[in-house]
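Engineer: Provided herewith is a single structure, encoded as structure tokens, for subsequent inquiry.
The values are calculated or read from the model by the stated rules, or taken from the named source; none is laboratory data. Note that the structure is a prediction, hence the values are computed from the model and not measured. Virtual Cβ from ideal backbone geometry, glycine too; neighbours counted across all protein chains shown.
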Amino acid sequence: MTRNIRLTLAYDGGAYAGWQVQPDRPTIQRTVEEAIWSLTGERVSLLAAGRTDAGVHALGQVANFRTASPIPPQKWRPALQSKLPPDIVIRDSREVPLDFHATFAAKSKRYRYLIRHSIVDDPFLRRYCWRLGGELDVPAMNVAAQCLVGTHDFRSFESHWPNTSTSVRTMTRATAFRTSAWLPWSVPETADPARDSGPFVCFEIDGNGFLYNMVRAIVGTLANVGRGTWTADDFRTALAAGDRRLAGETAPPQGLYLVSVTY
């Protein structure tokens, strides 16, 4: 009997060329598919909620695959974990209806980007956040970010446009705030945009879909507002322009996390 198994995964993307299978390069998808093959002898096609880029991490990626294996749904997590490297973790496994599709059934996703404000690099954090040495006006970044909420054409924040049939997406939440610590398995200690201390700057955004490099381009542009070289009006103008050349830089991948997916 064919069953549909849904996995929730967390992974450190630093050693991988992203989610999607690529020739002769290590990817999350290929690694998990090979683990399933090693466990069951089945060649499966793993479907995911989002295709994270090289170096990007996940706390709550969702994927599914069909299998004829008799392994009970709850046993997939420990059984599959035994075949995976330690930088890919299966957080949950369960059986779902056969028509469940991790990509197309997703209603919204949350991404988090972490900036570490410091003039000195940290060898233990360099793979997990973007270090910026200058002062950042985080309340100003948060004010600018509010123009992202709603339905907009996000072409200005899409690399190599066009990648999809439309660059219109709907964002339901966007916030930038400081935090003194960052716990990867939970929301940071506070999402208070008025907080004015703490070495980490966290940007979180919820939406029904995201374009190629969209969150990283938004963060790179918000950094201009934080540095004081742009105003919130400049940020709004860049969003409305529909031209990637008029927005800011693309922030590096290591600060980005796919936090969760809502179905």
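Engineer: How many of the residues in segment 67-81 are in contact (Cβ under 8 Å) with a residue 24 or more places away in the chain and more than 25 Å from the chain's Cα centre (by Cα)?
Structural biologist: Count: 6.
Engineer: Residues in segment 137-145: is at least one part of a helix (DSSP H, G or I), within 18 Å of the chain's Cα centre (by Cα) and in the same structural domain as Arg173 (by TED's automatic domain parsing)?
Structural biologist: From segment 137-145, those part of a helix (DSSP H, G or I) are 138-145; that's our starting set.
Okay, now just the ones that are also within 18 Å of the chain's Cα centre (by Cα), so 145.
Still in the list and also in the same structural domain as Arg173 (by TED's automatic domain parsing): 145.
Yes, that holds for at least one residue.
Engineer: Here are some conditions: (1) under 20 Å from Leu98 (Cα atoms); (2) not in a loop (DSSP other than H, G, I, E, B); (3) not acidic (Asp, Glu). Ala35 meets all but one. Which one does it not meet?
Structural biologist: Unmet condition: (1).
Engineer: State which residue is surrounded by the most Cβ atoms within 10 Å (Cβ to Cβ) when the search covers only segment 101-125 and only residues that are in contact (Cβ under 8 Å) with a residue 40 or more places away in the chain and part of a loop (DSSP other than H, G, I, E, B).
Structural biologist: Quick first cut of segment 101-125, residues in contact (Cβ under 8 Å) with a residue 40 or more places away in the chain only: 101-103, 105-118.
Then drop every residue that is not part of a loop (DSSP other than H, G, I, E, B), which leaves 101-103, 105-107, 118.
Values: His101: 13, Ala102: 23, Thr103: 14, Ala105: 17, Ala106: 17, Lys107: 9, Ser118: 14.
Among them, the one singled out is Ala102.
Engineer: Also, I was wondering about something else. State which residue is surrounded by the fewest Cβ atoms within 10 Å (Cβ to Cβ) when the search covers only segment 58-99 and only residues that are under 12 Å from Ile36 (Cβ atoms) and among the basic types (Lys, Arg).
Structural biologist: Filtering segment 58-99 for residues that are under 12 Å from Ile36 (Cβ atoms) and among the basic types (Lys, Arg), the one surrounded by the fewest Cβ atoms within 10 Å (Cβ to Cβ) comes out as Arg66.
Engineer: Here is a further query. Might you let me know whether segment 8-22 holds any residue that is buried (at least 18 other Cβ atoms within 10 Å of the Cβ) and touching a Phe, Trp or Tyr at 6+ places or on another chain (Cβ under 6 Å)?
Structural biologist: Looking for residues that are buried (at least 18 other Cβ atoms within 10 Å of the Cβ) and touching a Phe, Trp or Tyr at 6+ places or on another chain (Cβ under 6 Å), one finds none in segment 8-22, hence no.
Engineer: Here is a follow-up. If you check every pair at least six apart or on different chains, which have Cβ atoms under 9 Å apart with a residue in segment 31-50 that is over 22 Å from Phe104 (Cβ atoms) first and a residue that is part of a loop (DSSP other than H, G, I, E, B) and of a type in the set (Phe, Trp, Tyr) second?
Structural biologist: Short answer, once both residue conditions are applied: Thr31/Tyr16.
Engineer: Could you check, for segment 100-107, whether at least one of its residues is over 30 Å from Ser38 (Cβ atoms), of a type outside the set (Ser, Thr, Tyr) and at pLDDT 95 or above?
Structural biologist: Yes, segment 100-107 has at least one match.
Engineer: Could you please find all residues in segment 199-243 being basic (Lys, Arg) and buried (at least 18 other Cβ atoms within 10 Å of the Cβ)?
Structural biologist: Arg216
Engineer: Residue check, Lys83 against (1) under 30 Å from Val149 (Cα atoms); (2) in contact with a Ser or Thr (Cβ under 8 Å, 6 or more places away or on another chain), all met but one. Which one?
Structural biologist: It fails just one condition, (1).
Engineer: Checking Tyr128 against (1) surrounded by fewer than 21 Cβ atoms within 10 Å (Cβ to Cβ); (2) out of contact with any Gly (no Cβ under 7 Å at 6 or more places or on another chain); (3) over 21 Å from Gly255 (Cβ atoms), which test does it fail?
Structural biologist: Evaluating Tyr128 over (1) surrounded by fewer than 21 Cβ atoms within 10 Å (Cβ to Cβ); (2) out of contact with any Gly (no Cβ under 7 Å at 6 or more places or on another chain); (3) over 21 Å from Gly255 (Cβ atoms) leaves (3) as the failure.
Engineer: Sticking with this one: Counting just the residues of segment 67-100 that are hydrophobic (A, V, I, L, M, F, W, C) and part of a helix (DSSP H, G or I), which one comes out nearest to Gly18 (Cα to Cα)?
Structural biologist: Here the answer is Leu80.
Engineer: What do you reckon, is Gly248 crowded, with 18+ Cβ neighbours inside 10 Å, in contact (Cβ under 8 Å) with a residue 12 or more places away in the chain and assigned to a loop (DSSP other than H, G, I, E, B)? Walk me through how you get there before you give the answer.
Structural biologist: Values: crowded, with 18+ Cβ neighbours inside 10 Å: yes; in contact (Cβ under 8 Å) with a residue 12 or more places away in the chain: yes; assigned to a loop (DSSP other than H, G, I, E, B): yes.
Answer is yes for this residue.
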